[in-house]
Amino acid sequence: QVQFVESGGGLVQSGGSLRLSCATSGSIFRSRSMDWYRQAPGKEREFVASISTGGITNYLDSVKGRFTISRDNAKNTVYLQMNSLKPEDTAVYYCNQLPPIAWGQGTQVTVSS
């Protein structure tokens, strides 16, 4: 059963950076597109970024130019480099494959103004 373990979140000031990691336990990581999502308090979970098996990326408009998704197939891990963070980026961040399966615990990102 595939599981996702997100890490790297924390408290950072506006304009700061964080790098999130998502380790997976599945053996089919290399054959799956991977996504990052986030859920802010009182809001629905939303798509943030995706990376295909071939490295093609896609981003939520509000994070374009600030966030970068990448993957390391040898480590079964997907990353999200987040720069120029804003208070509105505050949320719990999750990763999942495409199509989504069971969600992990997520990692909390809090950006103070």
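A few notes on this one:
- Looking at the range 2-85, the GluC sites (Glu not before Pro) that sit in a DSSP loop and have at most 10 other Cβ atoms within 10 Å of their own Cβ are Glu44.
- Each residue, Ser52 and Gln1, gets one label point 7 Å from its Cα in the Cβ direction; the gap between the two is 3.2 nm.
- Only Lys, Arg, Asp and Glu carry charge here, each on its Cβ (+1 for the first two, -1 for the last two); on that basis the chain has a dipole of about 220 debye about its Cα centre.
- In the range 1-61, the convex hull through the Cα atoms has an average projected area of 5.6 nm², a quarter of its surface area.
- Accessible surface area normalised per residue over the chain is 53 Å², counting heavy atoms of protein chains with a 1.4 Å rolling probe.
- Only lysines eight or more places from Lys86 in sequence, or on another chain, were considered; those with a Cα closer than 29 Å are Lys43, Lys64.
- Normalised by residue number, the volume inside the convex hull of the Cα atoms of the chain is 91 Å³ per residue.
- When both the range 26-41 and the range 81-100 are represented by their alpha-carbon centers, they are found 11 Å apart.
- Burial order of peptide ranges 52-65, 99-112 (average beta-carbon count within 10 Å, highest first): 99-112, 52-65
The values are calculated or read from the model by the stated rules, or taken from the named source; none is laboratory data. Model, not experiment: these values are computed from the prediction. Counting neighbours? That spans all protein chains shown, and the Cβs are built from the backbone with ideal geometry, glycine included. We work out accessible area using only protein heavy atoms, side chains counted, and drop any ligands, DNA or RNA first. Shrake-Rupley method; radii C 1.70, N 1.55, O 1.52, S 1.80 Å.
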